[in-house]
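The values are calculated or read from the model by the stated rules, or taken from the named source; none is laboratory data. Values in this document were obtained by computation on a predicted structure and should not be read as measured data. Backbone-built Cβ (ideal geometry, glycine too); neighbour counts: all protein chains shown. Just so you know, the surface numbers come from the protein's heavy atoms only, side chains and all, with ligands and any DNA or RNA stripped out. Shrake-Rupley method; radii C 1.70, N 1.55, O 1.52, S 1.80 Å.
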Amino acid sequence: MGEVLKKTLRLTWGITLCGSSTVFMLNSNIGLLPWDVFHEGISNVTGITIGQISIIASFAVFILSIATGEKVGIGSIVNVFLAGWVIDFLNAMDIIPKANNIFTGIIMVTIGLFLLAYGCYLYMSCGLGCGPRDSLLVGLNKKLNQSINLIKTVMEVTVLIIGILSGGTFGLGTLISALGTGYAMELIFKLKKFDASKIEQKSLMDSFNDIVRS
């Protein structure tokens, strides 16, 4: 049970950092995140709310990640709900300041990128399942044998282009995030000697069996 608790705490802290990173980047006031540009753009085209588009996109990405051989685990479910709760909580508490100039905004985006990268390392290394976008990232990393940096950058730039063409708004922070997220993740992963493709993520049933055996 001790190992299960340790992994649960690591998972929770990692996803909390990921949620915090989003608030840093949003409060930079220099552009929406690539996926948010995508959500806004598709919302403009379809008339469906941004929140609903976000949910639909998450499920669609989960299906793609499952097609690459990745599993949906406890970490996957916790990721979807906890990250959003952390974002709402931090926004409600107004803990993270808002940038009032481009220089401060760039600093906040950079902090956000590395918080995201380290948070991903923490929760992905638990092997309890990744969130939709990270599951697809790991699945493509295994299938294509290309770097995390390259795959993440291609994913971010692709959804950004679709979002812009669909009428989503963007700025300097959007471009920094699209081009820098993959680099930040690869740097943190290398520093921690973590190879995401070598981690066998556990399904919900795998985790349940581990708890029973504990």
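Looking across the range 50-65 at every residue that is of a type in the set (Ser, Thr, Tyr) and out of contact with any Ser or Thr (no Cβ under 6 Å at 6 or more places or on another chain), the one that is farthest from ILE164 (Cα to Cα) is identified as SER58.
Among the residues making up the range 24-80, those that are charged (D, E, K, R) and over 13 Å from the mean Cα position of the chain (by Cα) are GLU40, GLU70, LYS71. In the range 144-197, of all residues being open to solvent by 20 Å² or more (accessible area, probe 1.4 Å) and among the aromatic types (Phe, Trp, Tyr), the one that is nearest to the chain's Cα centre (by Cα) corresponds to TYR183. Restricting the range 114-137 to residues that are open to solvent by less than 10 Å² (accessible area, probe 1.4 Å) and more than 24 Å from GLU3 (Cα to Cα) leaves a set whose member that is modelled with the highest pLDDT is LEU137. Counting only helices (runs of 4 or more DSSP H) that sit completely within the range 15-109, those holding 3 or more residues that are at pLDDT below 90 and surrounded by fewer than 16 Cβ atoms within 10 Å (Cβ to Cβ) correspond to 50-67, 74-93.
Filtering the range 151-183 to residues that are touching a Gly at 6+ places or on another chain (Cβ under 9 Å) and within 21 Å of THR104 (Cβ to Cβ) leaves THR169, PHE170, GLY171, LEU172, GLY173, THR174, LEU175, ILE176, SER177.
Considered as a group, the residues in the range 1-14 that are of a type in the set (A, V, I, L, M, F, W, C) and modelled with pLDDT under 90 include one that is least open to solvent (accessible area, probe 1.4 Å), and that residue is VAL4.
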